[in-house]
Amino acid sequence: MPKVLGGSLAAHRDEVRTRVFDALREQLYERGFDSVTLSGVAAAAGVGRSSIYNHFPDRQALLVAFVEHEAARYVADLEAALAAAGSPTEALAVFVRLQLRRLAEFHLPPGQALAQTLDPSAYRRIAAHADPISTRLRAIVSDGIAAGEMAARDPEVLVAMIAAALGARQIVDVAEHELDASVEAAERIVLAMVRPS
């Protein structure tokens, strides 16, 4: 019988998922999703192949579970950071920084390429995790318009433009020592973009 990690079945499940997600995150960062295999992730996580298959029947199931886990963690971090912002403009600055830092950490193919990699139901499950983030951005912009801090012209277009800008990997695909400056420049540009004329 395989060794139970953490003393109970629930603790074992959590420990296996933590190890697997840590290993997957590292492999996504180093090599991208195309080269990920369940056996490779299991080996890197220090868990048996049969154990990983008990949790995740295939690569797509692993990726969906990983994205769901990461999205829940990110939304909690985002909400906590936004709660400390004193104004809609500060909230937008926080949002920009967190989104770009997250993009720098998260190495998945862009939307269209990911859609071609996954079956449609798996892609829909992953894409659904963008909804709370988009909703939060929409609320920040609405609050900014109501407070007179942001331009009232075409709010939906403004939200779409911000979201598109924050998905540009060119901003974060820079040398590590250049990342802070690149994120700060993007923040300045987004804040200038929403400023009332």
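The values are calculated or read from the model by the stated rules, or taken from the named source; none is laboratory data. Everything quoted here is computed from the prediction, not taken from an experiment. Every residue, glycine among them, receives a Cβ derived from its backbone with ideal geometry; neighbour counts consider all protein chains shown. The protein model used for the area step is the full one, side chains on, heavy atoms only, and it has no ligands, DNA or RNA in it. Shrake-Rupley method; radii C 1.70, N 1.55, O 1.52, S 1.80 Å.
With contacts taken as Cα pairs under 8 Å at a separation of at least 6 residues, the chain carries a relative contact order of 21 percent.
Electrostatic bookkeeping for S87 treats Lys and Arg as +1 and Asp and Glu as -1; over the other residues with beta carbon under 9 Å from its beta carbon, the sum is -3.
Excluding ligands, DNA and RNA, the accessible surface per residue across the chain is 55 Å² with a 1.4 Å probe. All C-alpha to C-alpha distances of the range 142-196, sorted into 10 Å bins beginning at zero, yield P(r) values of 23, 45, 24, 7 percent in whole numbers. Using the Karplus relation 6.51 cos²θ - 1.76 cosθ + 1.60 with θ = phi - 60°, the per-residue 3J(HN,Hα) values for the range 66-71 come to 5, 5, 4, 5, 5, 5 Hz, with x marking Gly and Pro.
Listed options for Rg/Rh (Cα atoms, Kirkwood Rh) are (i) 1.04; (ii) 0.93; (iii) 1.01. The value calculated from this structure is the one marked (i).
Kindly provide the helix-only [θ] at 222 nm of the chain, computed as the sum of -39,500 (n - 2.57) over DSSP H runs of four or more divided by all residues, to the nearest 500 deg cm²/dmol? Here the helix-only value at 222 nm equals -23000 deg cm²/dmol. 3J(HN,Hα) along the range 140-157: 4, 5, 4, 4, x, 5, 4, 7, x, 8, 10, 4, 8, 7, 6, x, 5, 5 Hz, from the Karplus curve 6.51 cos²θ - 1.76 cosθ + 1.60 with θ = phi - 60°, whole Hz, x for Gly and Pro. Computing FRET efficiency as 1/(1 + (r/R0)^6) for A43 and S121, where r is the C-beta to C-beta distance and R0 is 30 Å, gives about 0.60.
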